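*Asks:* Sending over a structure as structure tokens; questions will come in a sec.
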Amino acid sequence: MSFLQEMEKYKDLDLPEFFSKIKDQDVLSVLRKEKLNRCDYLTLLSPRAEHHLEAMAQRARKLTIQNFGNVMQLFTPMYIANYCDNLCVYCGFNHDNVLERKQLTMAEIEAEAQKISETGLKHILILTGESQKYSSVDYILSAVQVLKKFFTSISVEIYSLTEAEYVQAVQSGVDGMTMFQEVYDSSIYKELHLAGPKSIYEFRLDAPERACRAGMRNVNIGALLGLNDWRKEAFFTGVHADYLQHAYKDVEVAVSTPRMRPCAAGFPPRVIVNDVNLVQYITAYRIFMPRSGITLSSRESRMMRDHLVRLGVTKISGGVTTAVGGHTKGEDSSQFDISDTRSIAEMAQMLYSEGYQPVYKDWQGLY
Amino acid sequence: MEDLFTIGNKQLQSRLLMGTGKFSCNKDMPKAIEAAAAQIVTVALRRADCAYEAENILNYIPKNCILMPNTSGARTAEEAVRIAHMARAMGCGDWIKIEVISDNRYLLPDNQETIKATEILAKEGFIVLPYMSPDLMSAKRLVDAGAAAVMPLGSPIGSNRGLQTVELLRILIDEIDLPIIVDAGIGRPSEAAAAMEMGAAGVLVNTAIAIATEPAAMAHAFKLAVQAGRSAYLAGLGRVMPNGAAASSPLTGFLRDGEVL
């Protein structure tokens, strides 16, 4: 059984037809239920449910505080290489884009780690493009050994690995992985991922599950919003999270809800996902999966992030740069433009003023 | 006579134990702990950070409390043991609350792994308080493994759903010769009182206090409820009439009517 087979169950799902039948009463019934099924989740993603956003937000907030408390975990990404063999039409690191390519040395990684650790953060997310030459598994895991001196929790947002490679990563001290499917619709996926290893839809789709099997503690998935009908993508992201959480009970499954941002690729979003849509997605997911983490990146504006922390988010970035070596060398050749440029200290200040305790450390690496 | 109870080699007055997760600000914690008059306070070691003094949760635990690190995040006995060792190395003492959870949807404890971890750590001299699903045989094994108390759940962690496992808790209270501390699920002071009325030795409360609008005021309410429940238990509760009031002895009254020899 893999998630591809799980998705097959929905191959005849006619979303417009389903949504056309949803009435206010259906949305209200779902909101009265204690535990939601996947059909209920889809009901909350319907255009009709937009009329009930305040009620959804209230419930999402209550569930988040009950399950996670008045706390918010902080993290920051560190880009260590941007060489990439893939041709993803929407991505700044696309192989054919002209930008300065870099691969940090271990000394440079240590300098970045030192700088970031001065903020008090104990969680780091490392990112690379996909290049066997410039960001091999060995290179990434060597970086992990350097980072372990500074951080107690290390996550990777890199290309899809084999199960054996994920095992190797876990044994090296990696405890989290982020893997965005980008788009769950396989035909759109093929249109947008023209070449390179990432163009194989199934291998990417199964990567989170391989990581679960390998013993990864935290698995964070997501669709890149703007590539397809967001309601469909939000639904399949939720189903994917539910599927993984059911099958791998010891894994903390979380989702991200990234919206497309301008980047060197200059690719405009195929679909506009507006602020109302994003709030609907986040609150619907929270009600469907009350104990699952929701990660919010600095792609969103300061205004949106200040509001979204109250609606279901559990983990938020600060002090972000999407450039290789950006923490020590400044911003150029970035993957995409960020919107909220606040530092970790500024994020902590905002969280305190909203009644949330910023959490700098929420795991102690055991190996 | 003072109503003390003993865990490990420590005599305790307060039967309200407190957790430290979910507070909106570390500074709220000492006030709540003080209002609860809690003597044992549990802290997730995963959150402790001695390298960042201003945000280190350990700095907010009143010095007169017994610090009981917990193994939150452990998925196996081995991980729980590692976390306990780290806690000891960080100078957190010998008390440890074992949490082994490999179910992230409901956060239910894994009794088998909990028993294994308890056995290892008790042999190493830790004072072990294991969090568990209320099951009599598992509780007996925890006793054999060297636990200092047994901490069954009232309902899933953070659910605030109260004593959903009441029948099983009652059996543990009757059959286990160690203090039974109801841990997890207690959402309101009346539920803490109910657990104490049943004969629980104590309760551990976190979410209900931490996410209250006024944590310190709620902590105080829990203190009073625990005391009330304990007093009621000691006073001896009257029997419960399942079907309303009844004549005092309708079936055997004839024995006192003078007709029998």
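The values are calculated or read from the model by the stated rules, or taken from the named source; none is laboratory data. In this text, all values refer to a predicted model and were calculated from it rather than measured experimentally. With ideal geometry, Cβ positions are generated from the backbone for all residues, glycine too; neighbour counts draw on all protein chains shown. The accessibility values were calculated without ligands, DNA or RNA, using every heavy atom of the protein model including side chains. Shrake-Rupley method; radii C 1.70, N 1.55, O 1.52, S 1.80 Å.
*Asks:* When you go through (1) in contact (Cβ under 8 Å) with a residue 40 or more places away in the chain; (2) open to solvent by 10 Å² or more (accessible area, probe 1.4 Å); (3) part of a loop (DSSP other than H, G, I, E, B) one by one for A:L227, which number turns out not to apply?
*Replies:* Result: A:L227 passes all but (2).
*Asks:* List pairs: first in region A:192-220 and within 14 Å of another protein chain (Cβ to nearest Cβ) and open to solvent by 40 Å² or more (accessible area, probe 1.4 Å), second part of a helix (DSSP H, G or I) and among the hydroxyl-bearing types (S, T, Y), Cβ under 6 Å, 6+ apart or cross-chain?
*Replies:* Going by the 6 Å Cβ cut-off, there are no qualifying pairs.
*Asks:* Specify which of the listed residues (A:A60, A:A49) is within 30 Å of A:D206 (Cα to Cα), open to solvent by less than 30 Å² (accessible area, probe 1.4 Å) and not aromatic (F, W, Y).
*Replies:* Result: A:A60 is the single residue among A:A60, A:A49 that is within 30 Å of A:D206 (Cα to Cα), open to solvent by less than 30 Å² (accessible area, probe 1.4 Å) and not aromatic (F, W, Y).
*Asks:* Now, a different point. Could you tell me which residue of region B:18-38 is surrounded by the most Cβ atoms within 10 Å (Cβ to Cβ), considering only residues that are polar (S, T, N, Q) and farther than 12 Å from B:L204 by Cβ?
*Replies:* Ranking the candidates gives B:S24 first.
*Asks:* Limited to region A:152-191, what total is found for residues that are open to solvent by 10 Å² or more (accessible area, probe 1.4 Å) and either in a helix (DSSP H, G or I) or among the hydrophobic types (A, V, I, L, M, F, W, C) (or both)?
*Replies:* Of the residues in region A:152-191, 15 are open to solvent by 10 Å² or more (accessible area, probe 1.4 Å) and either in a helix (DSSP H, G or I) or among the hydrophobic types (A, V, I, L, M, F, W, C) (or both).
*Asks:* OK, next. Can you pull out the residues in region A:63-95 that are in a loop (DSSP other than H, G, I, E, B), open to solvent by 10 Å² or more (accessible area, probe 1.4 Å) and more than 14 Å from every other protein chain (Cβ to nearest Cβ)?
*Replies:* Listed by number, the residues that qualify are A:Y83, A:C84, A:D85, A:L87, A:V89, A:Y90, A:C91, A:N94, A:H95.
*Asks:* Mind checking which residues of region A:116-150 are modelled with pLDDT under 90 and surrounded by fewer than 20 Cβ atoms within 10 Å (Cβ to Cβ)?
*Replies:* A:Q132, A:K133, A:Y134
*Asks:* Shifting gears a bit: Could you tell me which residue of region A:1-46 is surrounded by the most Cβ atoms within 10 Å (Cβ to Cβ), considering only residues that are of a type in the set (K, R) and assigned to a helix (DSSP H, G or I)?
*Replies:* If we take residues in region A:1-46 being of a type in the set (K, R) and assigned to a helix (DSSP H, G or I), then A:R38 is surrounded by the most Cβ atoms within 10 Å (Cβ to Cβ).
*Asks:* Let me ask something else about it. Could you say which residue among B:I180, B:I171 is surrounded by fewer than 18 Cβ atoms within 10 Å (Cβ to Cβ) and more than 26 Å from A:K35 (Cα to Cα)?
*Replies:* B:I171
*Asks:* Something else: Since B:D49 meets every condition but one in (1) among the charged types (D, E, K, R); (2) away from chain A (no Cβ under 14 Å); (3) within 18 Å of A:V71 (Cα to Cα), which condition does it not meet?
*Replies:* Only one criterion in (1) among the charged types (D, E, K, R); (2) away from chain A (no Cβ under 14 Å); (3) within 18 Å of A:V71 (Cα to Cα) is unmet by B:D49, namely (2).
One line per residue, one yes/no per condition, for (1) assigned to a strand (DSSP E or B); (2) within 13 Å of chain A (Cβ to nearest Cβ); (3) over 22 Å from A:F68 (Cα atoms); (4) touching a residue at least 24 places away in the same chain (Cβ under 8 Å):
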site: B:A195; (1), (2), (3), (4): no, no, yes, yes
site: B:A208; (1), (2), (3), (4): no, yes, no, yes
site: B:A216; (1), (2), (3), (4): no, no, no, yes
site: B:A221; (1), (2), (3), (4): no, no, yes, yes
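*Asks:* Are there helices (runs of 4 or more DSSP H) fully within region A:250-367 with at least 1 residues that are within 14 Å of chain B (Cβ to nearest Cβ), of a type in the set (A, V, I, L, M) and within 29 Å of A:G215 (Cβ to Cβ)? List them.
*Replies:* none
*Asks:* Moving on to the next point. What about B:K63, is it without any contact (Cβ under 8 Å) to a residue 12 or more places away in the chain, away from chain A (no Cβ under 14 Å) and either outside any strand (DSSP E or B) or not hydrophobic (A, V, I, L, M, F, W, C) (or both)?
*Replies:* yes
*Asks:* Scan region B:223-239 and give yes if some residue there is buried (at least 20 other Cβ atoms within 10 Å of the Cβ), among the β-branched types (V, I, T), at pLDDT below 95 and in a helix (DSSP H, G or I), otherwise no.
*Replies:* no
*Asks:* In the list B:V100, B:V81, B:V128, which residue meets the criterion of being at pLDDT 95 or above, within 14 Å of chain A (Cβ to nearest Cβ) and more than 25 Å from A:V71 (Cβ to Cβ)?
*Replies:* B:V81 is the lone residue from the list that is at pLDDT 95 or above, within 14 Å of chain A (Cβ to nearest Cβ) and more than 25 Å from A:V71 (Cβ to Cβ).
*Asks:* A follow-up question, please. Please work out which residue is most open to solvent (accessible area, probe 1.4 Å), limiting yourself to region B:58-116 and to residues that are among the hydrophobic types (A, V, I, L, M, F, W, C) and over 21 Å from the mean Cα position of the chain (by Cα).
*Replies:* It comes out as B:A89.
*Asks:* Can you tell me which condition B:L255 does not meet? The list is (1) in a helix (DSSP H, G or I); (2) at pLDDT below 95; (3) within 19 Å of the chain's Cα centre (by Cα); (4) surrounded by fewer than 16 Cβ atoms within 10 Å (Cβ to Cβ), and all the others hold.
*Replies:* (3)
*Asks:* State all residues of region A:287-319 that are modelled with pLDDT of 95 or more, open to solvent by 30 Å² or more (accessible area, probe 1.4 Å) and under 18 Å from A:I338 (Cβ atoms); if no residue qualifies, say none.
*Replies:* Across region A:287-319, the qualifying residue is only A:K315.
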